[in-house]
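Remarks on the structure that follows.
Read the figures in this text as sums done on the coordinates, not as results from a lab. Keep in mind that what you see is a predicted model, and the values were worked out from it rather than measured. Virtual Cβ from ideal backbone geometry, glycine too; neighbours counted across all protein chains shown.
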Amino acid sequence: MKVNKVSKINGIITVPADKSITHRAIMLSSLATGKSYINNYLKSDDCLMTMNAFKQMGVNIEQTEDSLTIIGAGINGLKNPVKEIYAGNSGTTTRLLSGVLAGQKFSSTITGDASLSKRPMKRVIEPLSLMGANITAKENNFLPMTILPKENLKAISYTSPVASAQVKSCILFAGLYADGTTTVTEPIKSRDHSERMFKTFGADISVDGLSVSVKKCNELYAQEVTVPCDISSAAFFIVAGLIVPNSNIKILNVNINKTRDGILTVLKSMGADIVLDNVRTVSGEDVADIEIKTSRLNSTSFGKEIVPSLIDEIPIIVLAATQAEGQTVISGAKELKVKESDRIHSVASQLNKMGADIKETDDGFIINGPTKLKGATVDSFDDHRIAMMLSIAGLIAEGETEILNSDCVKISFANFYEVLKKICK
């Protein structure tokens, strides 16, 4: 993909549905009794992996352009998959599904692509093993991962060393099958979509500060869920609207869940002109239309306290920081090293090719700004968020920016380039 500098961006757009919520809606609908409807689901490779996994286990899922109809198998109704479950590039599929599979009375194996096979799975293997699950994995940490049948899981109280919604959700899914009450405590609160949706589907779940508890479940109940648009996808256009001169855009129906809106907090602290309109609740999630205007940005600093609420948005925040006055310091983000790529290195190395002044640290970045960017040939490292971030960088760079391996955007935002082209002037 080649991108050139533009004079402004303008328009009203929508971005794809929330990936995290779509995954969870598919999983809980598959485990529920009855017919569930998921409106405005995310049609992406990652979510397709979750759908295919449950189809392999006997769940009837019908797709249209706008919705999914899922006839749930029931909490104990999944069938033995006849072959390995392929999760592609999806860490969410792998980690959450492992919690479900740990409670089954059949064996299963999860595999993934080359990138996913390098991502750590010990963080879910360890708590599931404490619950009695019998799991083997390559070097006890990587895919392929085989989960052997278990008659009964036991409830545990687990203190997670990382603030990870994937780890928390994995344990909560396993907790549906465990005798007693399973509790997960995090060092910092991560996104809470699982907690909200478990309650909607009828699970006995409670939240006490940083701890979430779920009791063994005999039945979940089918629901109709409308998925809001993903703030992680909106983030690229929010920053574009701030750093491209003479711009004014509005993004409709965006999820502004308080465990996900860290990017709005950070950008506003930098002086961003961002307004939330039409704030409302949809299927238990807070939603708004977001209006963005070009802004003069100042530097900021943030660390581990807010990182879980914006972990996926850090690459595009770094780009914003290259255009801000002063030095921005981001810390507490070591988790970026084990995403689809090592995002600390991917972001810094490629933006520095374009003229940015970014220093990598062990858990973040030191960014000096503002810097004028210039077009270059850059690599996405097959990471969808890196490809999209570099595309936005290209809008303000002198000359042409060529992004290698740019097709990876389809993991979360299949029509990203079409939406981008629509608003560029």
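Return a whole-number percent for the relative contact order of region 212-319, with Cα pairs under 8 Å and 6 or more residues apart as the contact set.
32 percent
Note down the relative contact order for region 19-226 as a percent, whole number, built from C-alpha pairs under 8 angstrom at least six residues apart.
Relative contact order comes out at 22 percent.
Only aspartates and glutamates eight or more places from residue 154 in sequence, or on another chain, were considered; those with a Cα closer than 16 Å are 126, 179. With each label modelled as a point 7 angstrom along the Cα→C-beta vector, the residue 274-residue 63 pair spans 3.1 nm. Ordering 314, 295, 354 by Cα displacement along the dipole of region 284-354 toward the positive end leaves 354 in first place; charges were set at the Cβ atoms of Lys, Arg (+1) and Asp, Glu (-1). Under the convention that each Lys and Arg Cβ holds +1 and each Asp and Glu Cβ holds -1, the size of the dipole of region 77-222 around its Cα centre is about 220 debye. When the Gaussian network model of the chain links Cα atoms closer than 10 Å, the mean-square fluctuations of 230, 179, 46 top out at 179. Two decimals is fine: what is log10 I(q)/I(0) at q = 0.12, 0.18 Å⁻¹ for region 267-425, from a Debye sum with one equal scatterer on every Cα and no solvent? Debye intensities relative to I(0), on a log10 scale: -0.54, -1.24. Simple rule: put +1 on each Lys or Arg Cβ and -1 on each Asp or Glu Cβ in the chain, find the dipole, and look at 42, 276, 173; the Cα lying farthest toward the positive end is 173.
Length available on full extension from residue 219 to residue 415: 0.36 nm per residue minus the Cα-Cα distance, which gives 66.8 nm. For Rg and Dmax of the Cα atoms in Å, the choices are [x] 21.1, 63; [y] 20.7, 67; [z] 22.2, 79; which was calculated from the structure? From the options [x] 21.1, 63; [y] 20.7, 67; [z] 22.2, 79, the structure gives [x].
Taken about its Cα centre, the chain carries a charge dipole of roughly 200 debye when the Cβ of each Lys and Arg holds +1 and the Cβ of each Asp and Glu holds -1. Pairs 2/168; 5/250; 199/293; 118/425; 5/43: which are spaced more than 32 Å apart, C-alpha to C-alpha? As for pairs spanning more than 32 Å Cα to Cα, those are 2/168; 199/293; 118/425. Measuring between alpha carbons in the structure, the pairs from 83/105; 138/353; 35/410; 215/304 lying more than 26 angstrom apart are 138/353; 35/410; 215/304. In the chain, a dipole from Cβ-located charges (positive for Lys and Arg, negative for Asp and Glu) runs towards its positive end, and of 21, 211, 158 it is 158 whose Cα lies farthest in that direction. Annotation: the antiparallel percentage among DSSP beta bridges lying fully within region 19-226 is about 70. Helix 45-56 and the longest principal axis of the C-alpha atoms of the chain enclose an angle of approximately 10°.
Report Rg/Rh for region 337-384, rounded to two decimals, where Rg is the Cα radius of gyration and Rh the Kirkwood radius. Each step should come with its number before you reach the end.
Details: Rg = 10.9 Å, Rh = 11.2 Å.
On the Cα set of region 337-384, Rg over Rh gives 0.97.
In the chain, Cα pairs under 8 Å separated by at least six residues give a relative contact order of 18 percent.
Here region 354-416 and region 28-66 have alpha carbon centers that stand 33 Å from each other. For region 19-226, take the alpha-carbon Rg, divide it by the Kirkwood Rh, and send me Rg/Rh. Here the Rg-to-Rh quotient is 0.93.
The charge dipole of region 15-116, taken about its Cα centre with unit charges on the Cβ of Lys, Arg, Asp and Glu (plus for the first two, minus for the last two), comes to roughly 380 debye.
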